[in-house]
Structure formats: structure tokens, C-alpha cells
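Q: Structure incoming, see below.
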Amino acid sequence: EDKVVQSPLSLVVHEGDTVTLNCSYEVTNFRSLLWYKQEKKAPTFLFMLTSSGIEKKSGRLSSILDKKELFSILNITATQTGDSAVYLCAAHTNSNSGYALNFGKGTSLLVTP
Amino acid sequence: DTAVSQTPKYLVTQMGNDKSIKCEQNLGHDTMYWYKQDSKKFLKIMFSYNNKELIINETVPNRFSPKSPDKAHLNLHINSLELGDSAVYFCASSLRPNSPLHFGNGTRLTVT
């Protein structure tokens, strides 16, 4: 059975801290790894990673994939209270049934002033 | 303009009723999805449609039936609602099946 595991499940930090969120996956027919941010409503897309070792960056957020170790991390530097959200990791797989996005349970991040 | 819109935002209904949730996307995407997010915030795929053909149907009870009148719409009809159906249901779309998903704001369904 396909499995995506995120750690930690929750995290409380102070503004200005740097955080690292972890995602490991055990899936068949892996195609890509995606990160989403979910505040109160819809998950919003952050990154899509298909190749190992190539960092993707957007402002204070960055992410990298290790396809050998089946692992990805999401880094947030100089955290702000607006970064408080649930961060979801998902593995995109392709089988005879088609593509599927398998989500982890998320890391709940709270940034305090 | 909202890219993926679903209605209603909230739905409170009694066990045994039948209800529908509507979803529309104006992104010109080929693939649409329904996801269920339970109380523990776990997002799980229910269905996806690519060019009006069902391509994934996870182990979802047949009380749930997706209906796609055209490429821009994927509605979810639920028969004989049960307490365990209470959750937030998200509609999503992607340009192609292997592209990132864009989610709607969700429909919070409460079955009493």
C-alpha cells in the first residue's frame, strides 16, 4: 500500500526561526513529489519536485527531493506568523488506474510572535 | 475570478438524505478530482475525471457518484447519507493528470 509520512506532525516556533519539514514516501510508480500549504480553506500549491538534488526555491521557502532515500524536505527561513498553516506533502504516482496524488497527514506549523 | 469553485460551502443534512455538491473550474484543465478530508485533516482521493472519463475510483461506497456534464464541471452526488460521511469535500483540477492540482475552497458536510 502506498504510504506518505510527514514529520513532525506539529511544530511551534518563534518568528524568525528556520524550520525543516520532512516527508518520506513508499509508493509504487512514483512520478513526482508535491508540497502544499493549507490555511483555513483550499490547499495551495507550493512546489513540484521530479529530480533528485535540485532545490526549488520561492522566497523564504525551498524544497529538495532525494529519490534514492525516498525523502523530501521543505525549509522555511525567517518564519513569519503568516507561515502558520498545515503543510501537506503528496506523492504523485501512475498506475494502470491512472495518476493519483497520495497525501501525507500534514505538519501543522504555528509561528508565534 | 475563482479558478475552482464549489457550492455550497456548508451543507448540514440528516442521515438518509440525498445531496449534491457542485464544482466548476475555469482554468481549461483536462482533469478534475474529488477529495475527502476527514476530521484529522487527512486528504484522500475519491474520484478523478479526465475528459469526462472516470480514471480513478478508490474504494468509495457506491452511494457516492460523480457526474461530469462537461470538462469544466464535476459534481458529486451522495445518496443515503451516513454520519461517517461528515467531512470537508474538496474539488480540484489539473491541466493534465500528472500536473499539480488546484483546489476549490471545500464544502463542509455535516450529517446529523
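FYI, it's all coordinate maths here, none of it is from the lab. Please read all numbers here as calculations on a predicted model, not as lab measurements. Every residue, glycine as well, gets a Cβ built from its backbone with ideal geometry; the counts of neighbours run over all protein chains shown.
Q: Within a Cβ distance under 13 Å of A:ASN22, other residues only, what is the Lys/Arg minus Asp/Glu net charge? Can you show the working numbers first?
A: Details: positive: A:LYS105; negative: A:ASP66, A:GLU69.
Every neighbour counted, the sum reads -1.
Q: Rounded to the nearest 20 Debye, what is the dipole magnitude of chain B about its Cα centre when Lys and Arg each give +1 and Asp and Glu each give -1 at the C-beta?
A: On the way: 13 positive and 10 negative charges, 38 e Å.
Dipole size: approximately 180 debye.
Q: If you scale each eigenvalue of the Cα gyration tensor by 5 and take the root, what three semi-axes come out for the stretch A:1-60, rounded to whole angstrom and sorted largest first?
A: Working: eigenvalues 98, 47, 35 Å².
The answer is 22, 15, 13 Å, longest axis first.
Q: A 25 angstrom limit on the alpha carbon distance is what I want to check against. Which of A:LYS40/B:LYS44; A:LYS41/A:LYS105; B:LYS36/B:LYS71; B:LYS40/B:LYS67; A:LYS37/B:LYS71; A:LYS40/B:LYS36 exceed it? All intermediate terms of the calculation are to be shown ahead of the outcome.
A: Numbers: A:LYS40/B:LYS44 18 Å; A:LYS41/A:LYS105 16 Å; B:LYS36/B:LYS71 21 Å; B:LYS40/B:LYS67 27 Å; A:LYS37/B:LYS71 27 Å; A:LYS40/B:LYS36 15 Å.
Too far apart for the 25 Å limit: B:LYS40/B:LYS67; A:LYS37/B:LYS71.
Q: Moving on to the next point. Note the full-extension length gain between B:LYS40 and B:THR59 as 0.36 nm times their separation in residues minus their Cα-Cα distance, in nm to one decimal. Mind dumping the intermediate values first?
A: Working: separation 19, 0.36 × 19 = 6.84 nm, distance 1.91 nm.
Net length gain for the segment: 4.9 nm.
Q: Placing unit charges on C-beta atoms (Lys and Arg positive, Asp and Glu negative, everything else neutral), compute the dipole magnitude of the stretch A:54-113 about its Cα centre in debye, rounded to 20.
A: Numbers: 6 positive and 4 negative charges, 14 e Å.
Charge dipole of the stretch A:54-113: 60 debye, to the nearest 20.
Q: How big is the C-alpha Rg of the protein assembly as shown next to the rule-of-thumb value 2.2 N^0.38 Å, as a ratio?
A: Numbers: Rg = 17.6 Å, N = 225, 2.2 N^0.38 = 17.2 Å.
Against the compact-globule rule of thumb, the ratio is 1.02.
Q: Follow-up. Report the Cys residues of the protein assembly as shown lacking a disulfide-compatible partner, meaning no second Cys Cβ under 4.7 Å from their Cβ.
A: none
Q: Now, a different point. P(r) tail for the stretch A:5-113, what percent of Cα pairs lie past 23 Å?
A: Counting every Cα pair in the stretch A:5-113, those more than 23 Å apart make up 24 percent.
Q: Then there is this: P(r) tail for the stretch A:45-108, what percent of Cα pairs lie past 19 Å? Show your work: numbers first, answer last.
A: Details: 765 of 2016 pairs.
Summing the P(r) of the stretch A:45-108 above 19 Å gives 38 percent of all pairs.
Q: Also, I was wondering about something else. Looking at the square roots a ≥ b ≥ c of the eigenvalues of the Cα gyration tensor of chain B, which shape do they give, rounded for a/c under 1.5, prolate if a/b is larger than b/c, or oblate? Please report the intermediate quantities before stating the final value.
A: Details: a/c = 1.73, a/b = 1.59, b/c = 1.08.
Prolate shape, in that a/c is at least 1.5 and a/b is the bigger ratio.
Q: Work through the residues other than A:LEU9 whose Cβ is under 13 Å from its Cβ and net out their charges, Lys, Arg +1 and Asp, Glu -1.
A: Numbers: positive: A:LYS105, B:LYS40, B:LYS41; negative: none.
So the environment of A:LEU9 carries a net charge of +3.
Q: Can you tell me the FRET efficiency between A:GLU39 and B:LYS67 if r is taken as the Cβ-Cβ distance and R0 is 25 Å, rounded to the nearest 0.05? The partial results should precede the final answer.
A: Values: r = 30 Å, r/R0 = 1.20.
Result of the calculation: an efficiency of 0.25.
Q: Please give the charge dipole size of chain A, origin at the Cα centre, charges +1 on K and R Cβ atoms and -1 on D and E Cβ atoms. Round to the nearest 20 debye.
A: Details: 11 positive and 10 negative charges, 54 e Å.
For this selection, approximately 260 debye.
Q: What FRET efficiency do you get for B:SER20 and A:GLU26 if R0 is 41 Å and r is their Cβ-Cβ distance, rounded to the nearest 0.05?
A: Details: r = 36 Å, r/R0 = 0.89.
Result of the calculation: an efficiency of 0.65.
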